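Bear in mind these aren't lab numbers, they're just calculated from the coordinates by the rules spelled out. Keep in mind the model is a prediction, meaning the values are calculated, not measured. Note: ideal-geometry Cβ built from the backbone for every residue, glycine included; neighbour counts use all protein chains shown.
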Amino acid sequence: MNTPTPERTKTPVFIAFVTNDDTRNIVAAIREDNPQATVEEFPAMVKIESPGRLVVKRQSVSDLMGRDWDLQEIHLNLISLSGSINETEDEFELYWGQAA
Amino acid sequence: MQVDIKTSNIKQLRNTFSHVARRLGADKPASRYQEATFDMQSDTNFHYRPIWDPQFELYDTARTAIKMADWYSFKDPRQYYYGVYTMNRAKQQDAAEKQFEFAEKRGVFFNLSEKDKEHLIFAVLPLRHYEWGANMNNCFCTSFGYGAAITQATMYNTMDRLGLAQYVSRLGLLLDGNIGDSLEVGKQHWLHTPEWQELRRSMENLFVTKDWFEVFLAQNFVMDGLVYPMFYKHLETRLNPMAGQTFSMCTNFMQEWFVETQRWVDSTIKTAVDESPENKEILSRWFDIWMTETTRALQPLMTALFAEEAASIFMQIKEELLVRAKKIGLKTPGAPA
């Protein structure tokens, strides 16, 4: 195949959550870990956009929630997202282009 | 016919209560924990001082030597308010029930030799009374403490203690086949057996300690910090393998509870230590006093339960507590670097 491997780009990725008590902490953690991200609040939904990359860290969310938080719990409140996903136990990463 | 679905956006006027907003610095959405904690305790418009203790207000910051600019800085890292607390404990209770059911079905404890049973009853059943004492001490902190941030957490702790005591009783019932004799024997150990008397004396001294923050530190940090690892971590290795396994299974809740509660206790004391050098002095002094006292009180039990290993295990337990103390900023003379 001749398609060139895409470089990492600055095209925005986004992730959207239902607005509730749990996601307030998730959103706060994302804000902290991704200073470049912009948060938009809609009725009952909050959408976070970030150029090129966005990361959700398990530890940051756990600290804010005051309990152990499993990254998989993210799906309970997830509405939609765009970008490629790179998932480990500790981090949930969204990006465009080549995996790091 | 065409149907248009229109959405309308209703923007709420306020995100939280004014008193919470004042603490957050702006009208931001607050967590349930914050709303159920901040400024919950009344602090003005009391007409009379309590006639049973007229030198103090009903809620008075002067009941402890510890000084805080803001008594609501004692945040609970677990963020327990009534809802979360009860849901969490209910889940844990379900798990613990299953473990007891399993132990009962297999009849492991019931089939132990009389000698092993007697040993377990001597070693563990008196802890029912230890938990009841801890319940009293945390009740004391709840009634004389200042600010809902700390008093609500100590109140939850009192309930935990009753639950813990009940689990110890359940162990006893597994041992005596639901007759309940073991509970009475356990009580007699707590009241009369020489090895337990020093711990009981410490506990009773704590009942008459007047400063509620000192009681908090002595009970929840020092005593628990030594007693829990001793009974729920190291004791298992000294029991015969079958009893040991079942014992650790049935005390899984205690082990989990201790880890969880440590986080809150450590962060509470750390908050007070970080507040001022004066607080640090006072807390370090209390720590030193109660560490010495409790170490002395546990010595006979250590020897009885761990025989030739007593010294090394006790050293390990003490060092763990000293490391915790150092981490939260208490001065610990003689602590390992």
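A few notes on this one:
- Separation of the residue A:39 and residue B:40 label points, Cα + 7 Å toward Cβ, nm: 2.5 nm
- 3J(HN,Hα) from dihedral phi, segment B:94-104, Karplus parametrisation 6.51/-1.76/1.60, rounded to Hz, x for glycine, proline: 4, 5, 5, 4, 4, 5, 5, 4, 4, 4, 5
- Candidate lysines for bridging to residue B:115, where Cα separation is under 21 Å - those fewer than 8 sequence places away on the same chain excluded: B:187
- Cα gyration tensor, segment B:67-160 - rounded (a/c under 1.5), prolate or oblate: oblate
- Here, segment A:43-97 is characterised by an Rg to Rh ratio of 0.96, where Rg is the alpha-carbon radius of gyration and Rh the Kirkwood radius.
- Calculated mean residue ellipticity at 222 nm for the protein assembly as shown: -17500 deg cm²/dmol, from DSSP H runs with n ≥ 4 weighted as -39500 (n - 2.57), summed, divided by the residue count and rounded to 500.
- Inter-label distance, residue B:204 to residue B:262: 3.2 nm, where each label sits 7 Å from its Cα along the C-beta direction.
- Euclidean distance between Cα centres, segment B:92-139 to segment B:284-312, Å: 23 Å
- Under 19 Å from residue B:11, Cα to Cα: aspartates and glutamates that are on another chain or at least 8 residues apart: A:21, A:40, A:41, B:27
- Whole-Hz couplings from phi, Karplus 6.51/-1.76/1.60, listed for segment B:292-301; x for Gly and Pro: 4, 4, 6, 4, 4, 5, 8, 3, x, 5
- When the C-alpha to C-alpha distance is required to be over 19 Å, the pairs from B:117/B:318; B:67/B:280; B:280/B:326; B:233/B:318; B:270/B:326; B:233/B:326 that qualify are B:117/B:318; B:233/B:326.
- In this structure the amide hydrogen of residue A:53, modeled in the peptide plane, comes within under 5 Å of the amide hydrogens of A:13, none closer than 5 places in sequence on its chain.
- Its Cα gyration tensor gives segment B:160-292 an equivalent ellipsoid; the semi-axes, largest first and in whole Å, are 31, 18, 13.
- A Förster radius of 30 Å combined with the Cβ-Cβ distance from residue A:9 to residue B:11 puts the calculated FRET efficiency at roughly 0.30.
- When each of A:23, B:142, A:38 is scored by the number of other beta-carbon atoms lying within 10 Å, the sequence from fewest to most is A:38, B:142, A:23.
- Reachable lysines, given that their alpha-carbon falls under 23 Å from the alpha-carbon of residue A:10 and they are not under 8 places away in the same chain: A:47, A:57
- For the pair residue B:197 and residue B:67 in one chain, pulling the backbone fully straight at 0.36 nm per residue adds 43.3 nm over the alpha carbon distance.
- Whole-number D in µm²/s for chain A (Stokes-Einstein; Kirkwood sum over Cα pairs; 37 °C, 0.692 mPa s): 236 µm²/s
- In the distance distribution for segment B:95-327, Cα-Cα pairs more than 21 Å apart total 56 percent.
- When Rg and the Kirkwood Rh are both derived from Cα coordinates, the Rg/Rh ratio for the protein assembly as shown amounts to 1.05.
- Whole-number percent relative contact order across segment A:12-95, with pairs defined as alpha carbons under 8 Å at least 6 apart: 38 percent
- Expressed as a fraction of 2.2 N^0.38 Å, the value expected for a compact globular protein of N residues, the C-alpha radius of gyration of segment B:54-211 is 1.27.
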